[in-house]
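Okay, so here's the structure we're looking at.
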Amino acid sequence: MTGQPTGRPAVTEQRVLSTPPTTPTVPVFSPVAVVASCIGFVLIGVIQALYGPSIPAFRDEFGLSPSAAGLGLSAHFAGGVVGVLLFDRLYARLGNRRILGSSYLLMAAGAAGFALAPNWPVALAAALVAGLGFGGIDYGLNQLFAVGFGNRSTAMLNILNAHFGVGAILGPALIGVVGAEHYPAVFLAFSLANLPLLLCLRGVREHVPQPAAPAPESGSPGGQVLARSLGSVLGVFVTLYVLHVGIEAGVGGWEPTHLETVGYGAAGAATATSVYWLMMTAGRFLAAPLALRFSPQSIIAVSCAGMTVCLLLAAVPVLAPYAYAGVGLFIAPIFPTGLPWLNRAAPRARRAGAVVIAASMAGGVAAGPALGKAIEWSGVRAVPLLLCGVSALCLAATLWLIRATRTH
């Protein structure tokens, strides 16, 4: 993380938007397209969440080791990162409808290919294709919601991403009902569910002007980044996104193991982890009305502080399940609320959103090995304290960004 400079910088300071962008004169989404976008986020939540509970069936069908079976989700995430960066490069050439339409088709094709794959290498290639579509949908809709609703963009982004959580809860529940051995039918059903959404793309505006920084007025005291270059601000945003997604994945992956280690039964630990994901979904719905009253900076600062306190409390065994639920509630608004803040802080950096979304996916991929290695050194009981340290870094990054993008 960049340190604080001690003197006045020699370079010209960057200007940020001091007020939220106004609602576009031409709507970005029709009401039908808004509903379809939320359904699209349910689908990407379902597809991502289906891999884990299907692992026993993968292993039986293809004769895989646990690590090899885990490559399905890794391939999906790798495709997601590539999808975000690829579709960002093609945005100006293709337009919003083609970006989203291609993404829905890729995810549908990948999910169907995964369901029908005759062997594991073909299944991994299909997961990569599904990830490409996943990344395009995640990037495209997040970016459009970040600029398409004016002062309501932060609230709408929280609602959009809450539907991802609905899908992430729904996917494993369906596998639990039908049985892991029937995972191909579930993947195929959700592959087909992408296709009707193509009919709703006519309600999406093809090209949306990006917010531009206003020309500075002579003697104007407001709207300047305090002694920070645009690159530094973007770098700290990336750090915040990588770290908070690492916490999200770390709690989801290690909460059951930690709870069992401190004395909870397997069923209780699994239930507590489900509650964590449920609270994350609820937290985004709850953040939507708050976003109409409070700034993104305030919401993220409170979220990081609350998350840090809850992770500290999770080190106390009797409080751990409740504290992890609190982590889910506080971490929920960070991802969707940060994007409008980023667009206002760096209005000329059109690819900033793509960079932080791709970085968030990379954070999810890296969290498992990094946290696993730290746990080897410190033991499972230290999981909440390790994550608490990472959360404290998120809070420090947020405070730095508030200072760096503050208007005089």
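Where a number appears in this text, it was derived from the coordinates with a stated rule and is not lab data. Quantities reported herein were computed from a predicted structural model and do not represent experimental measurements. When we count neighbours, we look across all protein chains shown, and the Cβ atoms used for this are built from the backbone with ideal geometry, even at glycine.
Annotations
- Rounded if a/c under 1.5, otherwise prolate or oblate - region 225-299, Cα gyration tensor axes: oblate
- Candidates A36, W120, G70 compared by Cα position along the dipole of region 23-136: farthest toward the positive end lies A36, with charges placed on Cβ.
- Computed lengthening from L399 to V318, 0.36 nm per intervening residue step minus Cα-Cα distance: 26.0 nm
- With θ taken as phi - 60° and the Karplus curve 6.51 cos²θ - 1.76 cosθ + 1.60 applied, the whole-hertz 3J(HN,Hα) list for region 151-160 is 5, 8, 4, 5, 5, 5, 5, 5, 5, 4 Hz, x standing for glycine and proline.
- Prolate is the label for region 245-397, because the ratio a/c of its alpha-carbon gyration tensor axes (a ≥ b ≥ c) is 1.5 or higher and a/b is greater than b/c.
- Extension gain, A185 to R381: 0.36 nm times the residue separation minus the Cα-Cα distance gives 66.7 nm.
- Label-to-label distance, nm, for residues given as A92 and L290 (7 Å Cα→Cβ offset): 3.8
- Per-residue Karplus couplings for region 279-290, computed as 6.51 cos²θ - 1.76 cosθ + 1.60 with θ equal to phi - 60°, are listed in order as 5, 5, 5, 4, x, 6, 5, 5, 6, 4, x, 5 Hz, Gly and Pro entered as x.
- Per-residue extension of 0.36 nm, minus the Cα-Cα distance of V32 and A125, leaves a gain of 30.2 nm for this segment.
- Global form of the chain, assessed from the alpha-carbon gyration tensor, a/c cut-off 1.5: oblate
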